[in-house]
Structure formats: structure tokens, C-alpha cells
Amino acid sequence: MTEWFETWFDEDYARLYAHRDAEEARVALGRAMRVAPELTRGPVLDLACGAGRHLEILRRANPLAFGMDLSRTLLQMAPGGLRPWLLRGDMRQIPVKDGTLHGICLWFTPFGYFSDDQNRALMMRLGALLRPQGVLVMDYLNADLVARTLVPEETVERGIIRAQSRRSLEGDRLVKRMVLTRRDTGEVRDVLESVRLYHPTDLQEMAVRAGLRLRRVMGTYAGEAFTDDSPRWIGVFEKAW
């Protein structure tokens, strides 16, 4: 059975999320590199890098940074200069030797796509990939805020795409079902997003099991302190052993 994340990250996805732009990435990376200077030296993996908007900025500071993503379409949309530094693959099977990375970044909620067991296995793998004192930057949802402020239905237009969305909490997952209509051709398609919601204490517990300790938590890409009303939960972890 094909999973939703195997088919969704294509041109329509890029159009719908075009407002997540290079300026947002510049702000996020600038703050992250101040909190975790390890990102500026040695091999660093931008996991689920998409078209490389974060990686392009990171590589200006660290020429050993590289990216990996499952979407062939998004990887092909990356700037030409990034192509030699991109891998295509499933994050559950990262082709990197344990203990070799100075840092790993997961921007814009790529954690939580899988089953709970697979998500926990992924966290263990991320810990194993890092060298001692290596860092993990995890950009994730503020799960409690999402649950409190869920907008059940919404319609947005991004360029030629009109998206009618229905959001729901289904068990421990946030599920977003969308009907996309291309205004130029009238073509209609249904798409799905489904992310496992973890409370910050759950993420920290998983990280500890993976040999990681929390260095800093931020609630925005600009580095503001995390509160109950923060839009993001951005955890910066370091390899403890």
C-alpha cells in the first residue's frame, strides 16, 4: 500500500507551501547555528530537505552539509549547485555510517509521519548517526496548541491552486484532507497529510533513549522562548555519549 508521503510531495505541494520561503529558512538557520555552532563544521545532514531551501543557506557556512529526501520532484527543483549534495531515500533507511555526523536537521515537521514504533526507531537511528557532542535540530509542531486551536475547515489559494482542507484529530494523529483544484485546468485531486502528535515530554523521552540531551527549546524560528502558545516546538539536542 502506498503511503501518503510517497505521493504528496510534488509540484502541487511546492505551490501550496510556497510561502515557506528562503527568508524563513535564513532566519531559522541563523538562529540554529548560533545555538548549535556544530552545524557549521563537519558533515551535517538536512533530512527531508525537500528542494533545499534550508540546505542552500546551511552550505554557505558549512561546505560539508548535504541533504536527503524521498521526493524525486522536490529534489529536482533544488538549485543546480546543490545537486551533488543531495541523496534520494527514505528517512527510515539513512545510508550513512553511525557516529559520523556533526549534526542533523529536520525542518518543517518531517518527524511523525510513520507509526509510533517507526518514529521511535527513527529517533534511535538519529542518535546513532551523531558523533559525540553532535547536534540534532528538530522543528516540530506545538502539539498542544494544534489540539486547542484546530481549524476544522479552511480554503486557501496559492497561485493556480485552490485547496479546500478538512482537519481532524484521529486518535494520536493530526490528519489533514485536502481537495486541490487547479484554476487553470479545473483538474481536481484529493491529498492527505497525517502526522503523529507528540507532547514535548514524549519527544524528550525518545531523545534520552537515543543518547541525546536537550540543549535548548525555541518556540519560533527567530529563537523566541517556547511557551504554551508558541507556533513551533524546536528542540536542539546534543549527543550525550
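The values are calculated or read from the model by the stated rules, or taken from the named source; none is laboratory data. As the structure is a computational prediction, the values presented were derived from the model and not from experiment. No Cβ is skipped: glycine too gets one built from the backbone with ideal geometry, and neighbour counts run over all protein chains shown.
Any residue at all in the range 114-129 that's touching a strand residue (DSSP E or B) at 6+ places or on another chain (Cβ under 9 Å), buried (at least 20 other Cβ atoms within 10 Å of the Cβ) and part of a strand (DSSP E or B)?
For the range 114-129, residues touching a strand residue (DSSP E or B) at 6+ places or on another chain (Cβ under 9 Å), buried (at least 20 other Cβ atoms within 10 Å of the Cβ) and part of a strand (DSSP E or B): absent.
A quick yes/no check of all residues on (1) under 17 Å from the mean Cα position of the chain (by Cα); (2) aliphatic (A, V, I, L, M); (3) within 25 Å of D190 (Cβ to Cβ):
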| site | (1), (2), (3) |
| --- | --- |
| A65 | yes, yes, no |
| F111 | yes, no, yes |
| F114 | yes, no, yes |
| M138 | yes, yes, no |
| A143 | yes, yes, no |
| R148 | no, no, no |
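Would you please name the residue that is surrounded by the fewest Cβ atoms within 10 Å (Cβ to Cβ), looking only at residues in the range 9-65 that are basic (K, R) and either touching a helix residue (DSSP H, G or I) at 6+ places or on another chain (Cβ under 7 Å) or more than 19 Å from V217 (Cβ to Cβ) (or both)?
Quick first cut of the range 9-65, residues basic (K, R) only: 15, 20, 26, 31, 34, 41, 53, 59-60.
Applying the additional criterion that residues be either touching a helix residue (DSSP H, G or I) at 6+ places or on another chain (Cβ under 7 Å) or more than 19 Å from V217 (Cβ to Cβ) (or both) yields 15, 20, 26, 41, 53, 59-60.
On the way: R15: 15, R20: 14, R26: 16, R41: 14, R53: 25, R59: 19, R60: 11.
Out of the qualifying residues, it is R60.
Scan L82, L101, L74 and give me the residue that is of a type in the set (A, V, I, L, M) and either without any contact (Cβ under 8 Å) to a residue 24 or more places away in the chain or in contact with a Pro (Cβ under 7 Å, 6 or more places away or on another chain) (or both).
On the way: L82 fails: either without any contact (Cβ under 8 Å) to a residue 24 or more places away in the chain or in contact with a Pro (Cβ under 7 Å, 6 or more places away or on another chain) (or both); L74 fails: either without any contact (Cβ under 8 Å) to a residue 24 or more places away in the chain or in contact with a Pro (Cβ under 7 Å, 6 or more places away or on another chain) (or both).
The unique qualifying residue is L101.
Being among the hydroxyl-bearing types (S, T, Y), under 15 Å from Y198 (Cα atoms) and in contact with a Leu (Cβ under 8 Å, 6 or more places away or on another chain) is the filter here, so list the residues in the range 94-126 that pass it.
T109
Assess whether T2 counts as being within 23 Å of G235 (Cα to Cα) and of a type in the set (S, T, N, Q).
No, not satisfied.
With the requirement that a residue be in contact (Cβ under 8 Å) with a residue 24 or more places away in the chain and not in a helix (DSSP H, G or I), what does the range 48-63 give you?
Pass one, the range 48-63, residues in contact (Cβ under 8 Å) with a residue 24 or more places away in the chain: 48-59, 61.
Once the filter is applied, which keeps residues that are in contact (Cβ under 8 Å) with a residue 24 or more places away in the chain and not in a helix (DSSP H, G or I), the range 48-63 yields A48, C49, G50, A51, G52.
Look through the range 185-223, keep the residues that are of a type in the set (S, T, Y) and modelled with pLDDT of 95 or more, and return whichever of them is farthest from R131 (Cα to Cα). Give the derivation first.
Here is the first cut: in the range 185-223, the residues of a type in the set (S, T, Y) are 185, 194, 198, 201, 220-221.
Still in the list and also modelled with pLDDT of 95 or more: 194, 198, 201, 220-221.
Working: S194: 31, Y198: 26, T201: 24, T220: 27, Y221: 25 Å.
Looking at the filtered set, the residue picked out is S194.
Just the residues that are of a type in the set (S, T, N, Q), touching a residue at least 24 places away in the same chain (Cβ under 8 Å) and more than 20 Å from E24 (Cβ to Cβ), please, taken from the range 130-177. Can you show your working first?
Restricting attention to the range 130-177, the residues satisfying the condition of being of a type in the set (S, T, N, Q) are 133, 142, 149, 155, 164-165, 168.
Applying the additional criterion that residues be touching a residue at least 24 places away in the same chain (Cβ under 8 Å) yields 133, 142.
Across the range 130-177, the qualifying residue is only Q133.
Do we have any residue at all in the range 205-220 that's under 22 Å from V151 (Cβ atoms), assigned by TED's automatic domain parsing to the domain that holds L101 and in a strand (DSSP E or B)?
No, there is no match, as no residue in the range 205-220 is under 22 Å from V151 (Cβ atoms), assigned by TED's automatic domain parsing to the domain that holds L101 and in a strand (DSSP E or B).
So, in the range 130-176, of the ones that are assigned to a loop (DSSP other than H, G, I, E, B) and of a type in the set (G, A, S), which residue ends up nearest to V236 (Cα to Cα)? If you could, list the steps in order and put the result at the bottom.
If we filter the range 130-176 for residues that are assigned to a loop (DSSP other than H, G, I, E, B), which is where we start, we get 142, 149-152, 159-160, 171-172.
If we keep only those that are of a type in the set (G, A, S) too, we end up with 159, 171.
On the way: G159: 35, G171: 28 Å.
For the range 130-176, the residue satisfying everything is G171.
Looking at L197, L169, L212, L174 in this structure, which one is over 27 Å from D98 (Cβ atoms), of a type in the set (A, V, I, L, M) and in contact with a Gly (Cβ under 8 Å, 6 or more places away or on another chain)?
Details: L169 fails: in contact with a Gly (Cβ under 8 Å, 6 or more places away or on another chain); L212 fails: over 27 Å from D98 (Cβ atoms); L174 fails: in contact with a Gly (Cβ under 8 Å, 6 or more places away or on another chain).
Residue meeting the stated conditions: L197.
Within the group A240, A163, which residue is touching a strand residue (DSSP E or B) at 6+ places or on another chain (Cβ under 7 Å) and at pLDDT below 95?
A240
Across the range 66-87, what is the total count of residues that are exposed (fewer than 13 other Cβ atoms within 10 Å of the Cβ) and either part of a strand (DSSP E or B) or not polar (S, T, N, Q) (or both)?
6
Is there any pair with a first residue in the range 34-47 that is charged (D, E, K, R) and a second that is surrounded by 17 or more Cβ atoms within 10 Å (Cβ to Cβ) and part of a helix (DSSP H, G or I) whose Cβ atoms are under 6 Å apart and which are 6 or more apart or on different chains, and what are they?
D46/H54; D46/L55
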